[in-house]
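Undergrad: I have a structure I would like to understand better, so I am pasting it below and will then ask my questions one at a time.
The values are calculated or read from the model by the stated rules, or taken from the named source; none is laboratory data. All values derive from a computational prediction rather than experimental measurement. Reconstructed Cβ throughout: ideal geometry from the backbone, glycine too, with neighbour counts over all protein chains shown. What goes into the accessible areas is simple: the full protein's heavy atoms, side chains included, and nothing from ligands, DNA or RNA. Shrake-Rupley method; radii C 1.70, N 1.55, O 1.52, S 1.80 Å.
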Amino acid sequence: MFDRIDSTVRLFLGPADRSEGDLPVVHRHDEAEDFSEETLGSIEIHEDSLGHHYAQQRRQPEQ
């Protein structure tokens, strides 16, 4: 049943557009990603003697 529907749709709309699986994914940055990278760049990850991890935001030097 689905094969007939698929064939009928392909007849009217043509084959589905597919990207090449071997090509790398192109990742484009937008403003939100730039902002999050800037924010995460100001965070330092620390580990205590028990192996617990915590984050601390770097302080900007006073002007």
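Undergrad: Go through 35, 53, 7 and say which Cα lies farthest out towards the positive end of the charge dipole of the chain; charges sit on Cβ, +1 for Lys and Arg, -1 for Asp and Glu.
TA: 7
Undergrad: With a 1.4 Å probe and every protein chain kept in, tell me what percent of the accessible surface of the stretch 2-57 is carbon plus sulfur.
TA: Roughly 55 percent, rounded to a whole number.
Undergrad: Suppose the chain between residue 17 and residue 53 were pulled fully straight at 0.36 nm per residue; how much longer would it get relative to their current alpha carbon spacing?
TA: Result for the pair: 8.5 nm of gain on full extension.
Undergrad: Does anyone have the angle between helix 31-41 and the longest principal axis of the chain? Alpha-carbon axes, 0 to 90°, nearest 10?
TA: Helix 31-41 sits at roughly 40 degrees to that axis.
Undergrad: Measure nothing fancy, just the Cα-based angle from helix 2-13's long axis to the longest principal axis of the chain, in degrees from 0 to 90, nearest 10.
TA: Value to nearest ten degrees: 90.
Undergrad: Taking only protein heavy atoms into account and a 1.4 Å probe, give the accessible area per residue of the stretch 2-57 in Å².
TA: 103 Å²
Undergrad: Restricting the calculation to Cα positions, tell me the Rg (one decimal) and the Dmax (whole number) of the chain in Å.
TA: 24.8, 72
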